[in-house]
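In what follows, a structure is listed as C-alpha cells, so that the remarks can point back to it.
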Amino acid sequence: MRTSTFVRIGLFAALVSGASCGGAGFEPPSKIQGLRVLALQKEPAYPHPGETVQMKLLYWDGKVGEGSSRNVEFQFLQCDDPPGDLYNTCLTNPASLAPLGGGAPTMGNDQGAPTISFSTSIPTDKIVQPKFPIAYGLRYIFFTACAGQFKLEPANGLPFGCFDEADHALGPDDFVPGYSAIYVYDELRNANPVVDPALMTGFTDDLHVVHCTQSDRGNCPAFDVKPIIDRASAEVDPLGNDANGTPLHEQLWVAYLSTGGDFTKDLRLVNDATTGWNDDYGTKFRAPATTGPVHIFGIVHDNRGGVAWAQKRIVVE
C-alpha cells in the first residue's frame, strides 16, 4: 500500500523514458544530466480530513549550467480514490484527473537548488470507507516538469505530454512526469525525516577539490559525504509488526545524486525495520574531469512517503 515517493517518481518516469542499461559507456543514475525531479516533500505526510498539505518539489535542470536557465513549465493534477488504489487507472481515465485544489505554485530556492511550492486541500469527508486494517482516503498528486509546451494530448503512453515548437513529443531529458500518494487518516501521523538541509559530513564552506581525469579515475581521491539525520526520524510504524507482534520502525534510506562526478555507493540504508539503525550510511564522492561548480544531494526517504534532503555546493578546479 505504501512505497516511497522516490520509487513512485522513478516508476512513472520509466513510462516515458523506457528502460536503461548499466555497463560501460553509461553514466550512473546518480548523475543529473537532463531535467530531473529529485524529491517531493509533503507536510504533513499523513494529513487528516480538512487539512491543507503543503508540498515542495526539488528539481534540477542538468541541461543548463549554473547561472543559466531555460523555461520549465510545471503542471499539477489530482485524482481521488481510484479503483484498487491503482494510480494508472487515473491515467487511463483522464476524466478522473482534476486541477490541483490549493494555492498557486510558487518558485523558490533551497540552498542553491530550485524548488516549486504548492498545496492541496483535503476535504472533511475524505475518509471514503472502512478499509483493512484501518480506514483511510487516498489522493494521488500527479506532476509534470516540461521544458517545452505541456499539452493534454496523448504521448508516450500517457494522456498528456511535453512538445517542442515543431509539435514533437520531448523525451526524458526535457519532460519529467511523476506522482505521489497522499494517505489520509483520522488519527495517524507520519513525520518527514529530520535532516539538517545545510550540513553534510566531509564538507566545509566553499569546498574546492581537484578535478579527476578519466585516465586516472581508479586513483582519484575521494572524500566522505554523509547527511546529518536525526535518529528520531525512524519512527514506530503503527501499522507494522513482526511475526511476534512487536511494533516495527520505519525503513529509512538515502539516495545520493550530483550534477557531476560519481559516488562509490549511491543508495545507502539508514534504518532497517527489524535490525535498527545503521550508522554507516555515508558514501564517498569523486570529482568529475570537468572543472566548475558541482551540487551534491542526499535525499532521505522513509517507507511511508516521508522525505527530506541536504545538499552542498563544491567547486572543482
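If I ask for residues that are over 25 Å from ASN93 (Cβ atoms) and under 20 Å from the mean Cα position of the chain (by Cα), which ones from the range 146-188 would you list? Explain how you work it out, then say what you get.
Of the range 146-188, the ones over 25 Å from ASN93 (Cβ atoms) are 147-148, 164-168, 171, 173-174, 185-188.
Of everything in the range 146-188, those that are over 25 Å from ASN93 (Cβ atoms) and under 20 Å from the mean Cα position of the chain (by Cα) turn out to be ALA147, GLY171, ASP173, ASP174.
Could you identify the single residue in ALA13, ALA45 that is within 24 Å of LEU91 (Cβ to Cβ), at pLDDT 85 or above and among the small types (Gly, Ala, Ser)? First the steps, then the outcome.
Details: ALA13 fails: at pLDDT 85 or above.
After applying the criteria, what remains is ALA45.
Could you grab me the full set of residues in the range 107-154 that are more than 30 Å from PRO197 (Cβ to Cβ), free of Cβ contacts under 8 Å to residues at least 40 places away in the same chain and not aromatic (Phe, Trp, Tyr)?
GLN129, PRO130, LYS131, LYS151, GLU153, PRO154 - these are the residues of the range 107-154 that are more than 30 Å from PRO197 (Cβ to Cβ), free of Cβ contacts under 8 Å to residues at least 40 places away in the same chain and not aromatic (Phe, Trp, Tyr).
Do you know which residues across the range 146-158 are in a loop (DSSP other than H, G, I, E, B) and buried (at least 16 other Cβ atoms within 10 Å of the Cβ)?
ALA147, GLY148, ASN156
Being within 17 Å of VAL176 (Cα to Cα) and either assigned by TED's automatic domain parsing to the domain that holds GLY260 or buried (at least 18 other Cβ atoms within 10 Å of the Cβ) (or both) is the filter here; which residues of the range 88-101 pass it?
Result: LEU91, single match.
Among the residues in the range 164-177, are any part of a strand (DSSP E or B), free of Cβ contacts under 8 Å to residues at least 12 places away in the same chain and either loosely packed, with under 14 Cβ neighbours inside 10 Å or not assigned by TED's automatic domain parsing to the domain that holds ILE32 (or both)? Walk me through how you get there before you give the answer.
From the range 164-177, those part of a strand (DSSP E or B) are 169, 175-177; that's our starting set.
Checking which are free of Cβ contacts under 8 Å to residues at least 12 places away in the same chain leaves us with none.
No: the range 164-177 contains no residue that is part of a strand (DSSP E or B), free of Cβ contacts under 8 Å to residues at least 12 places away in the same chain and either loosely packed, with under 14 Cβ neighbours inside 10 Å or not assigned by TED's automatic domain parsing to the domain that holds ILE32 (or both).
For the list (1) more than 21 Å from the chain's Cα centre (by Cα); (2) within 29 Å of THR259 (Cβ to Cβ), I need the number of the one condition that GLY108 fails.
Of everything listed in (1) more than 21 Å from the chain's Cα centre (by Cα); (2) within 29 Å of THR259 (Cβ to Cβ), GLY108 misses just condition (1).
Can ARG70 be described as farther than 15 Å from SER180 by Cα and not in a loop (DSSP other than H, G, I, E, B)?
Here the answer is no, as ARG70 does not meet what is asked.
The values are calculated or read from the model by the stated rules, or taken from the named source; none is laboratory data. Keep in mind the model is a prediction, meaning the values are calculated, not measured. With ideal geometry, Cβ positions are generated from the backbone for all residues, glycine too; neighbour counts draw on all protein chains shown.
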